[in-house]
Amino acid sequence: MSLMRLAYASEATFQAKPVEKGVEPHVARILMTSRKNNARDQLVGGLYYGDNRFFQYLEGDESAVRETYGRILKDERHRNVITLIEEPISERTFSNWSMKYVPLSKDVRQFLDAEGLQSFDPANFTADQCEKMIALIRNSSQDQKLVNYDDDRATGAKPEVMSGGLKAGIVVAGICVIGALLFAGSML
Ligand code: FAD
């Protein structure tokens, strides 16, 4: 089985909506599908979205990477897709994530500042800047919260509105009220 890595830059075609739970809603949908498919296909990597642009890095089995990229290229949620890296690798460099997500964060801002870049425009990144972006994705731990959020959405799980203690308290209070009513009734 031969491994490869791939990175591309593209422009979002959608109008960005207000961020919900740390992620733009269109991007959240893309991430949900990506995480499901990439886990199945044993692809790892990450996605950056900022200034209405995407930077994505993928690595895994060559046929799986190419098949996924074929679907991504046809997706109308972005355009002007530019392949930045497409080459074989001898081993995986990411561990257990199907798809990391990192919004334009402090570390990316610092990277842009250090490189003298005014905005996030990965289509014009040099080879060295691409490697720095990949290292940022690899080292980021920011998406833990988002994974849980997506998992909740994927399983349809609803957030708990009442704690276990509160539920128990309500049951006890109910029993006390019924007991008091029965006692009052027996006194009449
Ligand atoms: P489907 O069952 O066809 O669709 C899954 C969900 O996505 C559906 O709920 C559908 O509503 C929604 N959807 C699909 N296409 C569109 C569309 N054009 N407009 C609006 N909603 C749509 N896929 C991956 O598998 N791995 C990736 O790493 C990955 N990265 C992506 C990065 C970017 C920037 C973008 C734009 C897309 C990416 N995708 C990725 C999505 C990919 O383009 C395909 O939509 C997806 O792979 C289709 O998978 P499916 O057949 O399992 O999903």
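The values are calculated or read from the model by the stated rules, or taken from the named source; none is laboratory data. Computed from a predicted model, the values in this text were never measured in an experiment. For neighbour counting, all protein chains shown are included, and Cβ atoms are generated from backbone atoms with ideal geometry for every residue, glycine included. When the accessible area is computed, the model is the full protein with side chains, heavy atoms only, and any ligands, DNA or RNA have been set aside. Shrake-Rupley method; radii C 1.70, N 1.55, O 1.52, S 1.80 Å.
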Quick check on the range 98-112. Is at least one of its residues modelled with pLDDT of 90 or more, crowded, with 17+ Cβ neighbours inside 10 Å and within 16 Å of the ligand (Cβ to nearest atom)? no
Would it be correct to say that Phe183 is more than 30 Å from Tyr8 (Cα to Cα), among the aromatic types (Phe, Trp, Tyr), modelled with pLDDT of 70 or more and assigned to a helix (DSSP H, G or I)? yes
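Taking Ile178, is it modelled with pLDDT of 75 or more and over 28 Å from Glu11 (Cα atoms)? Reasoning before the result, please.
Numbers: modelled with pLDDT of 75 or more: yes; over 28 Å from Glu11 (Cα atoms): yes.
Answer is yes for this residue.
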Based on this model, can you work out whether Glu67 counts as among the charged types (D, E, K, R) and either near the ligand (Cβ under 10 Å from one of its atoms) or farther than 26 Å from Gln129 by Cα (or both)? yes
Qualifying positions in the range 31-63 - open to solvent by 30 Å² or more (accessible area, probe 1.4 Å), among the hydrophobic types (A, V, I, L, M, F, W, C) and within 30 Å of Ser90 (Cβ to Cβ): Ala39
Quickly run through the range 1-27 and pick out the residues that are at pLDDT 90 or above and crowded, with 20+ Cβ neighbours inside 10 Å. Arg5, Leu6, Ala7, Tyr8, Ala9, Ser10, Val27
